[in-house]
Every structure is written in C-alpha cells, then in structure tokens.
Amino acid sequence: MKRVTLLLLSLLWQPAMALEGISQDEAPPTLSAEQSRLFRAWFVQIVSEQIRRPSPRWQHRDCAGLVRFAVADTLREHDERWIGANGLQGRKLPPQLQLTPQQQALRQSWRDIDGEKKAFVTALALIQENSHFIGKEINSAEPGDLLFFDQGDEQHLMIWMGSYIAYHTGRVTPQDNGLRAVTVAQLTQWKDTRWQPVGNNPNFIGLFRLGFL
C-alpha cells in the first residue's frame with residue numbers, strides 16, 4: 001500500500017479538528033445541526049449548477065477545486081446580485097444560511113498538510129486535515145459527503161449528492177468541461193475497478209464528512 005494511504009489510514013478515527021497541533025481554543029468554528037442541514041442543501045444546489053453550467057468564477061477545474069468552490073459559494077451571502085449572476089432567478093432555493101463572521105470565514109480557511117491555513121489545498125489535505133471518516137458504505141452518507149480514492153500517485157474526490165455522485169475528472173477541453181454525474185449502480189459496475197466505491201476496493205478509502213459539519 002502506498003505511503004500516503006498508510007498515513008491517511010492512521011488518521012481515519014481521529015476527529016479532523018482534534019489532530020495533533022490543533023489545540024481546543026484554536027479549533028475553527030463548526031455549524032449547528034440546522035446550519036449543517038442548510039449547508040448541505042446549498043452545497044448540493046451549487047454543485048448541481050456547475051454540472052448544468054459551470055461558473056466562470058470557478059477557476060481551479062479539478063475535483064478538489066469543485067469542493068472548495070462549492071464550499072466557498074455555500075458559505076457566502078446569497079443576495080439578489082449573487083442569485084442573478086448565477087442565473088437562479090425564479091428558482092426554488094434553500095432558506096438562507098445565518099452565519100457568524102467566523103463561520104463565513106471558513107470558506108477561505110482550509111488547514112493544509114503543513115498546518116498552515118490556506119484558501120487553496122489539495123484533495124489529500126481536504127480529507128486528511130479538514131474532514132473526518134464516516135465509513136465505506138454509501139448508505140451512511142449524507143448529501144455533501146465526499147468519496148475519497150487513492151490511486152497511489154494521485155488522489156481523487158467525488159461528492160455524494162443524495163441520489164447520485166458528482167465529480168470532476170481534472171481535465172478540461174473545449175468539448176468537455178470535465179464534470180460528471182453518475183449513479184451508484186453505474187460507478188459500482190465501472191470497468192476500471194479502481195473507481196468502484198465498494199469495501200473490497202483498496203483504492204476506495206471511504207466516505208468523509210467536512211469537519212465543520
């Protein structure tokens with residue numbers, strides 16, 4: 001097994017915000033149960049909108065970039081200007097998230113592997129430093145949870161949307177924006193077994209939940 005996977009597995013049962021080097025008073029804020037419910041609704045809405053029509057504000061077009069962008073847009077104010085810019089006028093949207101300034105600041109404050117807070121982190125850092133392990137059974141996932149795959153030289157994230165899985169391939173061409181939406185059944189039967197989200201796939205590390213939820 002690759003070293004990065006061994007490192008990750010050693011951290012799976014530790015809460016993301018209780019890792020070594022983070023004292024209790026340094027831990028970032030979390031969302032309440034109601035805030036988490038609304039966060040999930042907005043997060044899934046924003047990811048689904050990227051599949052329909054990717055935002056020009058989303059600059060880092062890869063799997064981790066999709067998660068960072070959706071989190072950042074979820075934790076911001078969704079005023080009329082934002083709604084208009086995203087073409088959501090007249091659409092049924094979740095209730096507004098009522099957040100403190102400290103909670104809103106989570107949108108650009110990820111803990112990197114080196115312990116520093118950054119706006120840009122990799123898929124590995126999103127999982128290892130900013131999320132906690134849920135399990136390997138899709139039935140235990142809630143909308144917005146992340147599927148993490150370790151292919152040795154690179155890692156990959158997918159997003160559980162509640163009834164399907166969304167992800168970005170990491171490649172963009174004039175003919176292909178790289179976004180995909182697949183069912184669990186489709187991914188479970190994928191010809192390349194490295195991407196099957198099943199317990200006996202050593203490349204599927206499992207399901208993870210963002211640490212502030």
Legend entry - Length-normalised contact order for the chain - Cα pairs under 8 Å, 6+ apart - percent: 25
Legend entry - Gaussian network model of the chain, Cα within-10 Å springs - most flexible of SER131, SER32, SER48: SER32
Legend entry - Separation of alpha-carbon centers, the range 34-91 and the range 144-165, rounded to whole Å: 18
Legend entry - Among [x] 51, 35, 31; [y] 50, 47, 31; [z] 47, 36, 33, the entry that matches Cα extents along the principal axes in Å as calculated here: [y]
Legend entry - Heavy-atom accessible area per residue - the chain, 1.4 Å, Å²: 52
Inset, instruction - Could you rank the peptides 90-97, 132-139 by their average count of other C-beta atoms within 10 Å per residue, with the highest value first? - result: 132-139, 90-97
Inset, instruction - Can you send over the carbon and sulfur percentage of the accessible area for the chain, probe radius 1.4 Å, protein chains only? - result: 50
Legend entry - Debye intensity ratio I(q)/I(0), log10, the range 89-164, q values 0.11, 0.13, 0.14, 0.25 Å⁻¹ (C-alpha model): -0.40, -0.55, -0.63, -1.21
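The values are calculated or read from the model by the stated rules, or taken from the named source; none is laboratory data. All values reported here derive from a predicted model rather than from experimental measurement. Glycine gets a Cβ as well: all are built from the backbone with ideal geometry, and neighbour counts include every protein chain shown. We work out accessible area using only protein heavy atoms, side chains counted, and drop any ligands, DNA or RNA first. Shrake-Rupley method; radii C 1.70, N 1.55, O 1.52, S 1.80 Å.
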